[in-house]
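S.K.: First the structure, then my questions, so here it is.
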Amino acid sequence: MSISAYALENNYKVKKAMASNMMSELMHVRKQTIRECMSVYDHEEHRLEEVLKISGVQYINDSKAENVNSAYFALDSMAMPTVWIVGGVNHKHDYDSLMPLVREKVKAIICLGENNFEIIQTFGNVVDIMIEVHSMEEAVQIAYRLTKKGDAVLLSPAGEAGDMFSDYKERGLKFKEAVRNL
């Protein structure tokens, strides 16, 4: 089965689909059943969820990315210049693995959270624009002003939600609400 047969938009979803396909084959699921399932494969809420496209800018909710590895896959999947909304409870994350992706794909960073020291230290000299905010509404408003047609705004926090939100679901819902209110 070719990758183009899948109803998928990015590398993360392709890798997830390939793993699912492999497990299905190991369990002797019929190939036709696998094809049917993969052709209608949909994403889970808060994981690379395309919220809206406004003035040619795609807003993506990846609130479930509560660690650096998850944020890596989100950034890796970005095919357009990206304003990255990042931050949350920081348990001494090592953001260095994100450096090549940030250099290549991120045009601005919006730090959302109470403790952004590590993010600022790591990426402060890498992107031209880095702004700290104290609410999701403020983050989305600033992202809106920083983007142009063909860009993306990605909420992929690389940290847990416990500083400003009860969990990643609340954070993601606040992001979607703020985008819809633009």
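S.K.: For the stretch 165-182, what are the residues that are of a type outside the set (A, V, I, L, M), assigned to a loop (DSSP other than H, G, I, E, B) and out of contact with any Lys or Arg (no Cβ under 6 Å at 6 or more places or on another chain)?
M.R.: Correct list: S166, D167, N181.
S.K.: Quick check on my filter: what residues within the stretch 10-67 are at pLDDT 90 or above and β-branched (V, I, T)?
M.R.: If the condition is that a residue be at pLDDT 90 or above and β-branched (V, I, T), then V51, I54, V57, I60 are the ones that fit.
S.K.: Run down V86, V153, V106 and say which single residue is of a type in the set (A, V, I, L, M, F, W, C) and in contact with a Pro (Cβ under 6 Å, 6 or more places away or on another chain).
M.R.: The match here is V86.
S.K.: Would it be correct to say that E104 is assigned by TED's automatic domain parsing to the domain that holds G150, under 16 Å from the mean Cα position of the chain (by Cα) and at pLDDT 95 or above?
M.R.: When the stated conditions are applied, E104 passes them.
S.K.: Continuing with this model, one more query. Do you know which residues across the stretch 82-103 are at negative phi and surrounded by fewer than 15 Cβ atoms within 10 Å (Cβ to Cβ)?
M.R.: H91, D94, D96, S97, M99, P100, R103
S.K.: Return the pairs, sorted by first residue and then second, in which the second residue is part of a helix (DSSP H, G or I), the first residue lies in the stretch 162-173 and is over 17 Å from S70 (Cα atoms), the beta carbons are less than 8 Å apart, and the residues are 6+ apart or on different chains.
M.R.: From the stretch 162-173, the pairs are M164/M136; M164/R171; F165/R171; F165/K174.
S.K.: Out of all the residues in the stretch 118-127, is one or more touching a Gly at 6+ places or on another chain (Cβ under 7 Å) and surrounded by 15 or more Cβ atoms within 10 Å (Cβ to Cβ)?
M.R.: yes
S.K.: Here's another thing I want to ask about it. Does A79 satisfy being at pLDDT 90 or above, touching a helix residue (DSSP H, G or I) at 6+ places or on another chain (Cβ under 9 Å) and at negative phi?
M.R.: yes
S.K.: While we're here: Determine whether G162 is assigned to a loop (DSSP other than H, G, I, E, B), surrounded by fewer than 21 Cβ atoms within 10 Å (Cβ to Cβ) and at pLDDT 95 or above.
M.R.: Criteria not met by G162.
S.K.: Residue by residue through the stretch 135-149, note down the ones that are surrounded by 12 or more Cβ atoms within 10 Å (Cβ to Cβ) and either in contact with a strand residue (DSSP E or B) (Cβ under 9 Å, 6 or more places away or on another chain) or at positive phi (or both).
M.R.: S135, M136, E138, A139, V140, Q141, I142, A143, Y144, L146, T147 - these are the residues of the stretch 135-149 that are surrounded by 12 or more Cβ atoms within 10 Å (Cβ to Cβ) and either in contact with a strand residue (DSSP E or B) (Cβ under 9 Å, 6 or more places away or on another chain) or at positive phi (or both).
S.K.: Among the residues of the stretch 90-132, write down those that are in a strand (DSSP E or B) and touching a residue at least 40 places away in the same chain (Cβ under 8 Å).
M.R.: K107, L112
S.K.: Here is a check on your reading of the model: is N90 modelled with pLDDT under 95 and not assigned by TED's automatic domain parsing to the domain that holds L154?
M.R.: no
The values are calculated or read from the model by the stated rules, or taken from the named source; none is laboratory data. Keep in mind that what you see is a predicted model, and the values were worked out from it rather than measured. For neighbour counting, all protein chains shown are included, and Cβ atoms are generated from backbone atoms with ideal geometry for every residue, glycine included.
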